Each structure stands twice: as C-alpha cells, then as structure tokens.
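The values are calculated or read from the model by the stated rules, or taken from the named source; none is laboratory data. For clarity, every value in this text was computed on a predicted model and none was experimentally measured. Cβ coordinates were reconstructed from backbone atoms using ideal geometry, including for glycine residues, and neighbour counts include every protein chain displayed.
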Amino acid sequence: MLTTNASSAAPPPFLEIRNVRKSFGGVKALKEVSLVIEAGHIYHLMGENGCGKSTLIKILSGAQLADEGQILIDGQPAGERAGDLGAIGALRAGIETVYQDLSLLPNLSVAENVAFTEQLVAASGRLARRLDMVALHETARRALAEVHLPTDCAFLTCRTDRLPLATRQLIAIARAVASEARLVIMDEPTTSLTRQEVENLLGVVERLRSSGVAVLFVTHKLDECKSLGGRAIIMRDGLKVAELDVASHSKAEFSRWMTGREISETRYRTDPKLGDVMLEVEKLEDDGTFHDISLSLRKGEILGVTGLLDSGRNELALALAGIRPAGHGTIRLNGREIAPRSAAEAIRHGIGYVPEDRLTEGLFLEKPIQDNITLPILDRLRNALGMISRRKARRVAETSVADLQIVAPDVAIPVQSLSGGNQQRVLIGRWLTINPQLLILHGPTVGVDVGSKDTIFRIIQRLADDGMGVIIISDDLPELLQNCDRIAVMRQGRIVATLEADGLTEDVVYRSMASTSKEIAQ
C-alpha cells in the first residue's frame, strides 16, 4: 500500500526556493522569499523598482549568492544553500536568463552569442580555444527561426554590436531557446520591441510553455501579463506579498499590491493652459530617415511622437536635440530660427534631451547623483577662483532630489545604487537644471515600474503647467494617451497623422502607425 502511494504521488516541481534572504550593506533586499515554479507554466514577477525582483532572479540564475535559504531542482537540493547553485550549475539545471541589459558579447557574431552556451555547459565552463562552428551554426539557425530572425550566413556571422537594440533583444531570447532551457527568465523582454515584435515574442513564449518550459517574466507591463495569462508573483520591500491568477484581477488591483497605494489609469492631462506657439518645424529632412517633417508646439503643450521602430521617430528626436542634425529644413524657437549642430548648442538654445537608454546614453553610473545632475551647468557652479563649488553643486542636487521625489539617502552615493525609476528621475533632473524652454523626452518610462511611472507622469504635467513645451517620443501608446495633448504619428519617415489625444484609442493610433495605405487617419 505504501509503495502504491509513493508511485502515484505527484512529481516535485521543477524549481522551489525556500526562505531566501539577501542583504547588501545592511539593506535587506530579500526577506525570506519562497516560491514554486512548475514546468509548462507562465509566471510574472512584478513589483516596483527596488522591491527585490532583480536580486531574486540573479540568485535563481546563479549570478549572486544568497545569505540564507535553499534552492531545490526536481525536489533535490541544488546545494547546501541557495547560493551554491552557481552560474554553470544554473545553466546545467536548465535555467536560462535574459537580462535587461541583454548580456550579449558585442564583439562576437550572432551565432556565437546564440549558441555558445551549449558548448560552455558541456565543457563545465572551460571552453577550448576553438568552438565547434558547424554545430554552433546549426543550433543558432534553429533558435533564430523560433523567434523569426534571419538564419542566413550573413546574419549568423554579423557582429551583434552592429545590430539595432530590438534585434539584439530577440537574439538574447533566441539564446535561451537554443539552450533548451527548462526555465527561461526574461527581465523586461519587451522594453525595446515594437508592438508587432511584442506579439511575435508572446507567440514564442506560448510555444515554450506548450513544450513544457516554464517562463518567468519580470515585467511592469500589465497588458502583456493579461495577454499571456498565468500566475503573478508580486513583491514589495523584499517580500512576496501576493501570488494569484493574472486573469482574475484588474490592473488597478495589481498596481495597489505593488505600490501599496491607488494608481490612476485615467488621463493625467486635464484642463491644459496652452500659450503661444514656441516651436515651429518646417520641411525638416534627413536623407534616408525622415522627410518633409512639419510640426508646431505651443507653450505648455505636450506633443507625443510615435511610430514603428523604422518610422524615423528616433532620428527626429536626435535632430531636434542637435545630436544628429537634419540636412534640410527650418527650426524656429520662439520666433528665432535655430540650427543646433550639437547637444551643447541645443542646450544654449534652451533645449533639453532625455535619451532613450539611460544606462548607456544618459547616466554615469559609477558617479554620484550630484555629479550626474549638475553636469550641464558646471560653469554656473564655479567660485571666484574658477573651481567648481562643491557646496553649490550639492545644493542644486539636493533641490533636484527633493523636487523630483528621488529616493536616495545622500546625493553623494553612486547613481547605479538607485532603482530604475529613481535613475530616470536623476536624468530628468539633469536637464531641468538648464531651465529648458523645450524638453524632449525619449521613452521617459522605459524599464520603470508603475509607481515611478505615476511620479514621472505627474512631473511632466507640472512642467507643462508651468509653461514648458514638452515632446515625448515613445511607442508606449498608453503613456502617450494619458499624457499628451496631441500625438503625431510617423510612418516611413513622414508624419502621416496628427491626432487629438483626448478620447483617442490605442487601436486608432496603431492603425495609423502600421497602415500600408496612403490614407491618413483623421
């Protein structure tokens, strides 16, 4: 009888963690977190930046050691403690992680990035001087086909640092597919993808699930969670505060569990007070990327600019900011014609630009908050001897931290120690120090949690209410619909529609973005 019961017992889950704790310098990142991951299920790890999500997935992937706790694989301890798993041990167990920074090797080819993990694990982390390129290319072709990327020799041998960010994102996901993982952890996998690419990725995830692979999404995008279904694991302040079915609860409920407060899903933009036209762009053109761009912006107005990845929206942002000047056309700011040929020249005209990628294009991560914020105004901080006054710099930084609700114990700490939402506010604070007339925000809430988004949106509204002109370049349609007065839609390098945002729907905007007809949405 006992034998029969044992043989009919349910198999153990693929992965279980028990009472995991982790601290950094006295700060408790994880406080006795336990969870179970079953094969063939989808999970969403959700919570504000700084809640412990990143620490947890680093422990699961073997990149960090836990202070206490245990990991079990198929019911068996992976080590005496959770941290004993190790990076190679995690890969051998079938745990593959796609980090937010992708962790690709830029000087290696696409095929090498996708498929070398297989040979790395087989060699227990000690690769020979030469890879088996025939096997590597064969593995890479199969994985790239799964995520609908090219499989020809030219693409396989292309260096990854020469490819667009969205393509690199899919390559990182293909690497997980190639390893035949049992658990794929994806840290903000759709951050740099267009809507079409997101739908493609969700299809890949569903195929993984149906083949018995468990998928753990680390995400802030509640709409995508709803599309995929599965279980939500919600963290706050280092604790798992809830685990529940995604389909059974509203976005407002998820926001409340993550933040501990109510987050509005309605428009932030109410009763705008618009002034005179401050920005006029006429027939702006950059060979090969955008053509015949004409638009205007009034004081106190928030204009959204959106489009698919190749629409020219990114290049237009760089042209207005002086980083990649346009070849032809006219820009007038407050009636005066300007032609910024560099970022420094744009700053002198009163144009601030918050770039899309804060980690590689915006912040000096190892430098203090104070240095990051005061960078554009160093000349204003010099004392009588011509040296930078640290006292003045500190006062400016502390004012910015308070004004933008940046959570930090001191402006002297490195900006890399902050959560993503606080890092983004540091970057916005930098450009507010120049007192800009025009602020261009390129993807202002990429990789930012729902609570920090709320704070940033309220900051943007306040700036516009104070008379600043704001342009938001983004493919996050809910973000644009909640914050903008008008939305300019770009397609194939041209503005094909300019729509009033109030009462607009995502479907109308997306049809304008993706349509192949010559009709312009009204």
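Of note:
- Note on segment 404-427: among residues that are touching a strand residue (DSSP E or B) at 6+ places or on another chain (Cβ under 9 Å) and assigned to a loop (DSSP other than H, G, I, E, B), the one that is surrounded by the most Cβ atoms within 10 Å (Cβ to Cβ) is VAL411.
- Only one of the listed residues (LEU222, LEU274) is closer than 30 Å to VAL489 by Cβ and crowded, with 20+ Cβ neighbours inside 10 Å. That residue is LEU222.
- For TRP257: the one exception among (1) at pLDDT 85 or above; (2) more than 23 Å from GLU38 (Cα to Cα); (3) surrounded by fewer than 17 Cβ atoms within 10 Å (Cβ to Cβ): (3)
- Filtering ILE413, ILE351 for residues that are modelled with pLDDT of 90 or more and either closer than 29 Å to LEU295 by Cβ or not hydrophobic (A, V, I, L, M, F, W, C) (or both) leaves a single hit, ILE351.
- Enumeration of residues in segment 152-187 that are among the charged types (D, E, K, R), in a helix (DSSP H, G or I) and surrounded by fewer than 21 Cβ atoms within 10 Å (Cβ to Cβ): ASP161, ARG162, ARG168
- The listed residue being outside the structural domain of ALA319 (by TED's automatic domain parsing), surrounded by fewer than 17 Cβ atoms within 10 Å (Cβ to Cβ) and not polar (S, T, N, Q), out of LEU375, LEU381: LEU375
- Strands (runs of 3 or more DSSP E) wholly inside segment 188-283 containing at least 2 residues that are small (Gly, Ala, Ser): none
- Test: residue in segment 471-485 that is within 28 Å of LEU381 (Cα to Cα), surrounded by fewer than 23 Cβ atoms within 10 Å (Cβ to Cβ) and not aromatic (Phe, Trp, Tyr): no
- Helices (runs of 4 or more DSSP H) wholly inside segment 31-125 containing at least 2 residues that are of a type outside the set (A, V, I, L, M, F, W, C) and either crowded, with 21+ Cβ neighbours inside 10 Å or at pLDDT 85 or above (or both): 53-60, 110-122
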